[in-house]
1. Would you confirm, using the coordinates I've provided, whether Phe93 is touching a Leu at 6+ places or on another chain (Cβ under 9 Å), assigned to a loop (DSSP other than H, G, I, E, B) and modelled with pLDDT of 95 or more?
2. Suppose we keep only residues that are in a loop (DSSP other than H, G, I, E, B) and among the aromatic types (Phe, Trp, Tyr) within segment 317-343. Which one would you say is nearest to Arg168 (Cα to Cα)?
3. Scan Gly47, Gly74, Gly88, Gly80 and give me the residue that is in contact with a Phe, Trp or Tyr (Cβ under 7 Å, 6 or more places away or on another chain), within 30 Å of Ile399 (Cβ to Cβ) and at pLDDT below 95.
4. Quick one: which of Leu157, Leu173 is touching a Phe, Trp or Tyr at 6+ places or on another chain (Cβ under 9 Å), within 30 Å of Ser338 (Cα to Cα) and not small (Gly, Ala, Ser)?
5. Which members of segment 360-414 meet the condition of being touching a residue at least 12 places away in the same chain (Cβ under 8 Å), surrounded by fewer than 18 Cβ atoms within 10 Å (Cβ to Cβ) and in a helix (DSSP H, G or I)?
6. Name the residues in segment 204-214 that are open to solvent by 10 Å² or more (accessible area, probe 1.4 Å) and modelled with pLDDT of 95 or more, would you?
7. Could you please tell me which pairs satisfy a Cβ distance under 7 Å, a separation of 6+ or placement on different chains, a first residue in segment 95-110 that is more than 11 Å from Pro503 (Cα to Cα) and open to solvent by 50 Å² or more (accessible area, probe 1.4 Å), and a second residue that is of a type outside the set (Lys, Arg) and part of a loop (DSSP other than H, G, I, E, B)?
8. Considering only segment 359-402, state which residues are at pLDDT 95 or above, more than 24 Å from the chain's Cα centre (by Cα) and among the β-branched types (Val, Ile, Thr).
Amino acid sequence: MIIDLSSCADNQFKRAPICVVGAGIAGLIVAHRLRLAGIHVVVLESGPIAADNRENPLNRVVSLGRPYHGALKGRARGLGGTSTMWGGALLPFLESDLADRPSFGLPAWPVALNGLAPFLRDVEVLFGVDEGPYDLEAIATPMLRQWVPPSDADFVLRFAKWPNFKKRNVASLFKAEITKDPGLEIWVNATVTQFSCDVTSGRLRSVKAVSAGGRLVDVRADHFVICAGAIESTRLLLLLDRQHSDQFFGGSSALGRFFHDHISSPVARLHPRQPTDLNRMAGFRFVDGTMRSMRFELSPAAQVADGVASAFVHISFASKESGGFDVLRDVMRSLQRSGWIFPGDLMRLAKHSPYLARLCYWRFVRGQLLWPQPASYDLNIVAEQLPRANSRISLSEQIDDLGCPVAAIDWRVEAPDIETIRSCLLRFGSYWKRHGCDSIAQLEWILDEVTPSAMLVPNSILDIYHPGGTTRMGSNPRTAIVDADLTTFSVRNLSVASTSVFPSGASANPTLMLMAFGLRLADHLTRIYSDACQMQGGSIDKPYILPFRSSEGLV
């Protein structure tokens, strides 16, 4: 059930067992899971019903260091949030990503990868992708395997899974529940601006959200989950602390610090002898109905040997002239945003029927996506940034349109980050030749593969909108913000489901892991409130307050 706060005649007051802040990927997945358990949920979403991918003024930040482009271009407010523009790659982190890395001062994550396995499978089911492995075993047919170079000591090949375009938008995925379920109240145009806490008990009593027109909804709940994206979730915790004289998170050195992303740079151009051969080797594959993309991941052994973080290499392409592929891509992205294919889109596609015929042949006979021709091809390296305390999010002196302080981001790219790219580049050049890939395409290096000085001016290195680290999870409240269950140490009825809880960036896109952690959190909260309700002899599918069950018992 959707309620538009800006259309309400009066201020509103709500009660619910659980309040979720944010209706993007994490927020809707958490809320949906809680509703399956019968728990009444109120969701507060800052944006409108239809997410607007244009740069939102509420996403404005003050840049103190290197410009962080993801602050504006990588965020979307509204139902579905950034899932309305999410690329779709699903790939879990490696066990080594979550393990202790003493050379970097990184302890093991408080949750091991095998503890997330059931939730990773739940995400696959939710998005309708195949349940096969992510490594070379995924490429089942000999016709596909013959084109793929092997994994070796330096690089491990893995294959991300991609849901179809319509399912990538979680607002479309959960459309029936969002529009019809009265136990799922989603308030849009409702931006959280104020927190009311009991400092003595360390509990959050209520949050207030306002619309641009000044309408207010005050939500009292027994548990709150912030799912507003890494930057906004961090800003909200900083705001909560400021509104209570820094009495909650002042004892921790972690809030807002250790900001990191994946950084990316094109490192070479590929000159294929036959473009179709490069397409056969590196193009998207279809396995059991699921689209897969290949990447070359720097092996854990190579990382240790070179003293660098994780990284992966992938091949990208771009049309040299507008054609059928570009039209099809635009139509599919429109489907992802709106959930519809419009008549005008079909007419545009009809003009490119010869390309679509070849596309169908490649899809159903060769099991691959046909790349456009002519096209240019780039080799790209994506590297993990190591978390550092001096890379951070804080509150600036500037005020946004709703009277709250704007986030300030001091994002830094430093020598160890560059060295990770250089290590990956050097090893990949040898890998490419070692496995005879230069018979398919020659590499023209943009960055010198030998001279370190060529990497000291990283003008081409950009963030790729995978922020994390600023509300990191851990076991020590002095160095972490949330525990293994994503509950904040300082406010025991407040959780954070965001990539900001990830202590490090790891080897893959963070979305699948975020979803898995969100499902795990929802199940954790379900156990708490189901047990509490049974002790009272009541029903949890009602909008009223339940007692909070801490590890010490009911309070």
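1. yes
2. Trp340
3. Checking each option against the conditions leaves just Gly74.
4. Result of the check over Leu157, Leu173: Leu173.
5. Arg363
6. Matches in segment 204-214: Arg205, Ser206, Lys208, Val210.
7. Hits for this filter: Asp100/Pro107; Asp100/Ala108; Ser103/Gly307; Phe104/Leu386.
8. Ile399
The values are calculated or read from the model by the stated rules, or taken from the named source; none is laboratory data. Worth saying up front: this structure is predicted, and the values here are computed from it rather than measured. Heads up, the Cβs are rebuilt from the backbone with ideal geometry, glycines too, and the neighbour counts pull from every protein chain shown. Accessible surface is based on the protein model in full, side chains and every heavy atom, while ligands, DNA and RNA are left aside. Shrake-Rupley method; radii C 1.70, N 1.55, O 1.52, S 1.80 Å.
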